[in-house]
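Following: one structure in structure tokens, then a few remarks.
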Amino acid sequence: MKKHNFSAGPAILPADVFSQAAEAVQDLNGIGLSVLEISHRSPEFVAVLEEAVALPKELLQIPDTHEVLYLTGGASSQFFMTAMNLLPHHGKAAYLDTGSWSTKAIKEAKLFGAVEVLASSKDKNYAYIPKDYTVPLDATYLHYTSNNTIFGTQYQQLPAADIPLVCDMSSDIFSRPIDVSRFAVIYAGAQKNLGPAGTTLVIVNKDLLGKVEREIPTMLDYRTHIKKNSSFNTPPVFPIYVSMLTLRWIKEQGGLAEMAQNNEAKAKLVYDAIDRNPLFQGTAAREDRSRMNATFVANDPEVETAFLQACQEANIAGIKGHRSIGGFRASIYNAMPTESIEVLVELMDHFAQKHG
Ligand code: PMP
């Protein structure tokens, strides 16, 4: 029996995407070959890649200044690639520190130039999004993490800045519309809202490249991948194929405005259940609560163990919180059906009545 999967990533994908992907592993579009065994230069795969590039452009209304790339090395490689490609040796980049992923991005950027951390929410174990800071105009870019997968916080607005933004959108890409023109680079590991682990979507403003003097290894230079349409080396064909299927699904559902509306409604179900049951407590500041990862704790460790057990019995998977925060994390990405959230919420209500 299929479980209700609240895992933070790799994560749930639309049911139709799972079945179409399974079919293509056997036979892609009836051509008598698996998607796994055809050349990445075959017309069939080139068509897949073209659609996987065209759909983000359409869904996010990406301007012509920007290119869509599918790279490898995870979002983690973008921590250094962004700085390596954008930050001049004697330049400065501004960063906002809202959790473990931002911290890692800051560490890597320091290898390439000066880094100014404008604000951090570390003082409260990253339970909020800092809002009080001034962005230096002489910084090349401002880097932030739009959704903090571990700590359950999310920017509800773009940071106010008169310099280009660089954003790690690994855990909320395609969950809502965004103004791509404000960004130098957006990057996202596929394994939450897009597809299987193994590819990273990168949206990059071409006009901002080529301004650093350092030598960049060919594979780490965005210009290589722009020039070669993400096929300089063998691209991760299966993750790209499945990402394309998910993007088609998003379009069929009505696009990003529809996604955003559904995500608001789904998150409200979970947060209402947290707030009406004194047994549970949300960990993130209310105004910064993530629509993708709802983090909460129980008021007693024994209750926590019992609730985890109850989740298992109710066929709920992946709900245990990250070790750095504890408790629970309900990851409710685009593909999470409302029915699964209702199962969780009913269990929370029932459990709180019994143990409250
Ligand atoms: N950034 C964020 C916000 C994440 O949630 C993660 C975890 N998937 C990463 C970066 C690291 O991604 P990857 O494992 O693809 O390097």
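Brief remarks on what is shown
- Any hit, segment 145-152, residues being part of a loop (DSSP other than H, G, I, E, B), touching a residue at least 24 places away in the same chain (Cβ under 8 Å) and more than 27 Å from residue 288 (Cα to Cα): no
- Members of segment 107-117 that are touching a Phe, Trp or Tyr at 6+ places or on another chain (Cβ under 8 Å) and surrounded by fewer than 20 Cβ atoms within 10 Å (Cβ to Cβ): 107, 108, 111, 116, 117
- Residues within segment 90-115 that are more than 16 Å from the ligand (Cβ to nearest atom) and either under 23 Å from residue 226 (Cα atoms) or part of a helix (DSSP H, G or I) (or both), tallied: 1
- Only listed residue being within 16 Å of the ligand (Cβ to nearest atom), of a type in the set (Ser, Thr, Tyr), in the same structural domain as residue 26 (by TED's automatic domain parsing) and in a loop (DSSP other than H, G, I, E, B), chosen from 175, 243, 230: 175
- Any pair with Cβ under 8 angstrom, 6 or more apart, that starts in segment 326-340 at a residue that is at pLDDT below 95 and ends at one that is assigned to a strand (DSSP E or B) and surrounded by fewer than 24 Cβ atoms within 10 Å (Cβ to Cβ): 326/297
- Meets criteria (part of a loop (DSSP other than H, G, I, E, B), at pLDDT 95 or above and within 16 Å of the ligand (Cβ to nearest atom)) for residue 129: yes
- Members of segment 166-191 that are surrounded by fewer than 21 Cβ atoms within 10 Å (Cβ to Cβ) and without any contact (Cβ under 8 Å) to a residue 40 or more places away in the chain: 179, 182
- Candidates are the residues of segment 43-77 that are part of a loop (DSSP other than H, G, I, E, B) and surrounded by 14 or more Cβ atoms within 10 Å (Cβ to Cβ); the one that is nearest to the ligand (Cβ to nearest atom) is 73.
- Residue 17 vs. criteria within 21 Å of the chain's Cα centre (by Cα), aliphatic (A, V, I, L, M) and at negative phi: yes
- Boolean, residue 158 is in contact with a strand residue (DSSP E or B) (Cβ under 8 Å, 6 or more places away or on another chain) and not in a loop (DSSP other than H, G, I, E, B): no
- Members of segment 192-214 found to be surrounded by 24 or more Cβ atoms within 10 Å (Cβ to Cβ) and outside any strand (DSSP E or B), listed by number: 192, 193, 194, 195, 199
- Filter result for residue 135 (more than 11 Å from the ligand (Cβ to nearest atom), farther than 15 Å from residue 331 by Cα, touching a His at 6+ places or on another chain (Cβ under 6 Å) and in the same structural domain as residue 58 (by TED's automatic domain parsing)): no
- Checking the stated criteria, residue 260 turns out not to satisfy the condition of being buried (at least 21 other Cβ atoms within 10 Å of the Cβ), part of a helix (DSSP H, G or I) and of a type in the set (A, V, I, L, M, F, W, C).
- Scope segment 319-336; condition among the aromatic types (Phe, Trp, Tyr) and in a loop (DSSP other than H, G, I, E, B); matching residues: 333
The values are calculated or read from the model by the stated rules, or taken from the named source; none is laboratory data. Keep in mind that this is a model prediction, so the values were computed, not measured. Every residue, glycine among them, receives a Cβ derived from its backbone with ideal geometry; neighbour counts consider all protein chains shown.
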